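Scroll down for the structure; my scribbles are underneath it.
The values are calculated or read from the model by the stated rules, or taken from the named source; none is laboratory data. All values reported here derive from a predicted model rather than from experimental measurement. Please note: Cβ atoms are built from the backbone with ideal geometry, for glycine as well, and neighbour counts cover all protein chains shown.
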Amino acid sequence: MNSHLLIPKIGLRFLLTGTSFEVSWTSQGMVRYSAITGGKIYSISIEKFTEKYHSGEIKLNGDLSDSVLSKEKTRDLLRKQEYIKTVLNSVSHPYSHPNVYKTIIDVSRRIKDHSPPSPRSVMRWIKLYLDNDKDLYVLNKIKPGNKFLRFNIEIEQIITLAIRECYLEPKEHRSSIDVIAFIKAKMLEQDINVNQCPF
């Protein structure tokens with residue numbers, strides 16, 4: 001029985017019932033793998049692959065440092081999985097605050113979680129989990145912070161250029177009004193609708 005979580009990445013070699021296989025593709029909750037000798041291609045869901053790894057049916061070959069998660073990340077993902085699966089199995093409406101809250105209280109008592117997540121967090125995990133074909137590993141990739149562009153890429157580039165040229169590298173004293181004027185002038189120059197300007 002394996003206690004760490006495994007991320008099935010392309011090139012990962014493993015043994016299944018004594019036969020060598022290699023992961024050739026992973027996406028949308030599926031792992032495609034092929035026999036190293038012969039090359040016949042097979043598919044399995046990531047969930048089943050992980051279950052077989054935990055039960056010991058799948059044994060890994062070679063360097064595993066980038067395929068096996070650390071104890072902390074494994075513990076965190078298994079904790080999230082417990083909340084997700086319990087809510088999905090016991091609640092008819094997994095996006096209902098009161099229902100999810102009751103389930104969180106029950107799960108936190110059962111697994112002795114001293115800092116249970118908020119219903120909003122669990123609902124976000126559920127949405128990610130279901131949107132990615134029940135791929136638990138997608139929850140490992142969550143990083144705090146806003147990573148989305150507020151405007152299209154051309155406007156973002158103009159804003160960055162304006163801040164750098166008018167404000168950060170000043171040849172004379174400038175204000176935010178000068179930056180806004182620069183942005184609007186560049187938008188007109190590049191034939192971009194000025195109504196898209198954030199200011």
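Worth a mention:
- One residue from 112, 80 being part of a loop (DSSP other than H, G, I, E, B) and of a type outside the set (S, T, N, Q): 112
- Qualifying residue in the range 161-178 (condition: under 30 Å from residue 91 (Cα atoms), among the basic types (Lys, Arg) and modelled with pLDDT under 75): no
- Boolean, residue 126 is in contact (Cβ under 8 Å) with a residue 24 or more places away in the chain, touching a Pro at 6+ places or on another chain (Cβ under 7 Å), in the same structural domain as residue 18 (by the TED database) and surrounded by 15 or more Cβ atoms within 10 Å (Cβ to Cβ): no
Residue by residue, here is whether (1) out of contact with any Cys (no Cβ under 9 Å at 6 or more places or on another chain); (2) modelled with pLDDT of 85 or more; (3) not β-branched (Val, Ile, Thr) holds:
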| position | (1), (2), (3) |
| --- | --- |
| 51 | yes, no, yes |
| 79 | yes, yes, yes |
| 97 | yes, yes, yes |
| 102 | yes, yes, yes |
| 105 | yes, yes, no |
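- If the condition is being in a loop (DSSP other than H, G, I, E, B), under 14 Å from the mean Cα position of the chain (by Cα) and either at pLDDT 70 or above or not hydrophobic (A, V, I, L, M, F, W, C) (or both), then the range 133-153 contributes 133, 134, 135, 143, 144, 145, 146, 147.
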